[in-house]
Amino acid sequence: MPDGIGEHGIRDVAEQWEVRATELPFQGRVTGVRSDEVLMPDGSYARRDYQTHPGSVAVLALDDQQQVLLVRQYRHPVRQRLWELPAGLLDVPGENPLHAAQRELYEEAHCKAETWRVLVDFYSSPGGTDEALRLFLATDLAESAQERYEAQGEELEIQTAQVPLARLVELILAGELHNPTLITGTLALHAALTGAGPAALRPADAPWPARPFTAA
């Protein structure tokens, strides 16, 4: 059986092709650009340029009325103000992604959740960046008891909304929403709810090989 095809279906597997040379021509505050010369199956070498990224977390916060909490932000590269899920960077190497997700939900929406599960893990654009993202499902929501986070910069323009899950599915399929994390999370949750249910999702501390972390 070909590698990556298990007894119950298809799965991704770790693999490392030979790299003859590598350089980092640019490193910004958070992300950089790496250029690798990678050995191809025919024996030639090809240059692969990609963005290096520390990783991210996002939260699909679902209330008792099956409404999803959204935030709206301006995204300069695409020149649009997009509806998204609360999300943020894994700023500290080895940071527990659940803690980071809880922080982002508080900072962007002044909200907390009692129940957390891993909804889906994915690479945001694996042909162009090594960014790995863990998306959590958060339920049993309540307003945070902490003082409101003091937003700065572009976060001053954040808007929030609560939209029924069914309506989000309609808007995505109509081409009205474009953020990949929102699309992935919405469709994954819809699949979970029409399938085995949220209880079948992985626990919030499930291993994440793409970005290993400590359990504490």
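I'd like to know if the range 185-205 contains one or more residues that are among the charged types (D, E, K, R) and touching a Lys or Arg at 6+ places or on another chain (Cβ under 7 Å). Within the range 185-205, one or more residues are among the charged types (D, E, K, R) and touching a Lys or Arg at 6+ places or on another chain (Cβ under 7 Å). If only residues of the range 55-95 that are within 12 Å of the chain's Cα centre (by Cα) and under 30 Å from Trp17 (Cβ atoms) are counted, the one that is surrounded by the fewest Cβ atoms within 10 Å (Cβ to Cβ) is Leu89.
The set of residues from the range 117-149 being crowded, with 17+ Cβ neighbours inside 10 Å, among the hydrophobic types (A, V, I, L, M, F, W, C) and farther than 19 Å from Gln65 by Cβ comprises Val118, Val120, Phe122, Ala132, Leu133, Leu135, Phe136.
Return the residues of the range 98-116 that are of a type outside the set (A, V, I, L, M, F, W, C) and either more than 14 Å from the chain's Cα centre (by Cα) or open to solvent by 40 Å² or more (accessible area, probe 1.4 Å) (or both); say none if nothing qualifies. Those that are of a type outside the set (A, V, I, L, M, F, W, C) and either more than 14 Å from the chain's Cα centre (by Cα) or open to solvent by 40 Å² or more (accessible area, probe 1.4 Å) (or both): His99, Gln102, Arg103, Tyr106, Glu107, Glu108, His110, Lys112, Glu114, Thr115. Scanning the range 184-216 for residues that are charged (D, E, K, R) and under 20 Å from Pro54 (Cα atoms) yields a count of 2.
The set of residues from the range 162-215 being outside any helix (DSSP H, G or I), in contact with a helix residue (DSSP H, G or I) (Cβ under 9 Å, 6 or more places away or on another chain) and loosely packed, with under 15 Cβ neighbours inside 10 Å comprises Glu176, His178, Asp205. Name every residue in the range 1-30 that is open to solvent by less than 100 Å² (accessible area, probe 1.4 Å), in a strand (DSSP E or B) and modelled with pLDDT under 95, in order of residue number. Those that are open to solvent by less than 100 Å² (accessible area, probe 1.4 Å), in a strand (DSSP E or B) and modelled with pLDDT under 95: Ile5, Gly6, Gly9.
Condition first: modelled with pLDDT of 95 or more and of a type in the set (Asp, Glu). Now tell me which residues in the range 144-179 satisfy that. Glu170, Glu176 - these are the residues of the range 144-179 that are modelled with pLDDT of 95 or more and of a type in the set (Asp, Glu). Collect the residues in the range 109-154 that are assigned to a loop (DSSP other than H, G, I, E, B) and of a type in the set (D, E, K, R), keeping them in residue-number order. Asp130, Glu131, Glu147, Arg148, Glu150 - these are the residues of the range 109-154 that are assigned to a loop (DSSP other than H, G, I, E, B) and of a type in the set (D, E, K, R).
The values are calculated or read from the model by the stated rules, or taken from the named source; none is laboratory data. All values reported here derive from a predicted model rather than from experimental measurement. Note that we place each Cβ from the backbone using ideal geometry, even for glycine, and neighbour counts take in every protein chain shown. The area values use the complete protein model at the heavy-atom level, side chains included, leaving out ligands, DNA and RNA. Shrake-Rupley method; radii C 1.70, N 1.55, O 1.52, S 1.80 Å.
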